[in-house]
1. Given the structure, is L203 over 30 Å from T110 (Cβ atoms) and open to solvent by less than 60 Å² (accessible area, probe 1.4 Å)?
2. Against the condition in a loop (DSSP other than H, G, I, E, B) and hydroxyl-bearing (S, T, Y), how does S167 come out, does it pass?
3. Conditions first: (1) loosely packed, with under 15 Cβ neighbours inside 10 Å; (2) under 21 Å from S36 (Cβ atoms); (3) modelled with pLDDT of 95 or more; (4) not basic (K, R). T83 passes all but one, so which condition is the exception?
4. Which condition breaks for L157 when tested against (1) open to solvent by 30 Å² or more (accessible area, probe 1.4 Å); (2) touching a helix residue (DSSP H, G or I) at 6+ places or on another chain (Cβ under 9 Å); (3) more than 22 Å from Q41 (Cβ to Cβ)?
5. Report, ordered by the first and then the second residue, all pairs with beta carbons closer than 9 Å, sequence separation of six or more or different chains, a first member in the range 76-102 that is under 10 Å from V60 (Cα atoms), and a second member that is open to solvent by less than 40 Å² (accessible area, probe 1.4 Å) and among the basic types (K, R).
Amino acid sequence: MGEKSKRDFDMRIVAIPAAILAIGCVALGLRCASKSKLRTQDGAPKHAMIVRGPAGATLVLTDHVRAGKSASGDRVTSIDVATGAQLGLRVFDDPLHCWPAPPAHAWCATTDGELSLLEIPSLATAATVDELLARSALGKAVHGKWRIDGADVIVLLTDGHGARVSSATLAVSAADATNIAGPDSSSEECVRHSTATVGTDRLDFGPGPRHALLRGPRKEPRPVAPATAPIFLRKVGDPSVLLVLHEGSLDPATPTPQLSRVDDTPTLEWTADLGGTCRHAELIDGLLIIATSDATHRAFALDLATGAPRWQFTF
């Protein structure tokens, strides 16, 4: 009896750690599988921007992704604007706010205010502001307190002074700490306006369900269009290109976001479906690069002359 009890006890000593190890391996495997899904599944679109560099322009998308209960983060993807090919992809554990820092870089800030400089299109971290400040001996940064100055950032130090961090050289130098307010809270949708100037005339939309596009002298009283009237895109790279954002359906229950190009007469040239709200639009080498709020129409390129799609990017 004594030998059997001893043998049973010895088996328990082996079995318990083995069970713990097996459970750990399963949990680790599930977590790795969830992490892998973050790279390929549809996410919640957050931001889009164009970053220019010596090799050309790159579209950079930020999407919040979640897989299961334990895996989530912000996914940053870089895309070649000429072909739509994916050039880089990286998932960050913390939510990010990013903006261009040409040439070929982008600043990204986490929600707690830590700043990093990413290389575009690889998305590798070139440096963090904390690391650069530590090497410079100027002081420590107050997280969440900075202002953008061109491609550089000026951060507030704990002693009340400021420090400029160059995106081009990574050099750190003393700077004026005034007007440092923190993260930029500007809208991340396409910049739009309700009228467009054509020579000495003005284009705007008249009343009625179809909102006729009217042209007339700037000083002439114009009809007041309702809030549902279409609007013009602004700052797509060429002021002579007139692009109109509008809905393709009069039924508010089934909105169909569309983009149309008109000439200055004004006459319709082409119309394209967007699939979602316009988040970013920019004209590059004859291509209109568009990012939307819809994961299934995340980004695409249209031929400016014809409106024909050149490429579409989804995960």
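The values are calculated or read from the model by the stated rules, or taken from the named source; none is laboratory data. Model, not experiment: these values are computed from the prediction. In this analysis, Cβ positions are derived from the backbone assuming ideal geometry, glycine residues included, and neighbour counts consider all displayed protein chains. Side chains are part of the model used for accessible areas, which takes the heavy atoms of the whole protein and leaves out ligands, DNA and RNA. Shrake-Rupley method; radii C 1.70, N 1.55, O 1.52, S 1.80 Å.
1. On the way: over 30 Å from T110 (Cβ atoms): yes; open to solvent by less than 60 Å² (accessible area, probe 1.4 Å): yes.
So L203 passes the test.
2. yes
3. Only one criterion is unmet by T83, namely (2).
4. So the condition that L157 fails would be (1).
5. T77/R298; L89/R75
Each row is one residue, and each column tells you yes or no for (1) of a type outside the set (S, T, Y); (2) exposed (fewer than 15 other Cβ atoms within 10 Å of the Cβ); (3) assigned to a strand (DSSP E or B); (4) in contact with a Gly (Cβ under 7 Å, 6 or more places away or on another chain).
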{"residue": "L250", "(1), (2), (3), (4)": "yes, yes, no, no"}
{"residue": "T254", "(1), (2), (3), (4)": "no, yes, no, no"}
{"residue": "P266", "(1), (2), (3), (4)": "yes, no, no, no"}
{"residue": "G276", "(1), (2), (3), (4)": "yes, no, no, no"}
{"residue": "A281", "(1), (2), (3), (4)": "yes, no, yes, no"}
{"residue": "L288", "(1), (2), (3), (4)": "yes, no, yes, no"}
{"residue": "T296", "(1), (2), (3), (4)": "no, yes, no, yes"}
{"residue": "T306", "(1), (2), (3), (4)": "no, yes, no, no"}
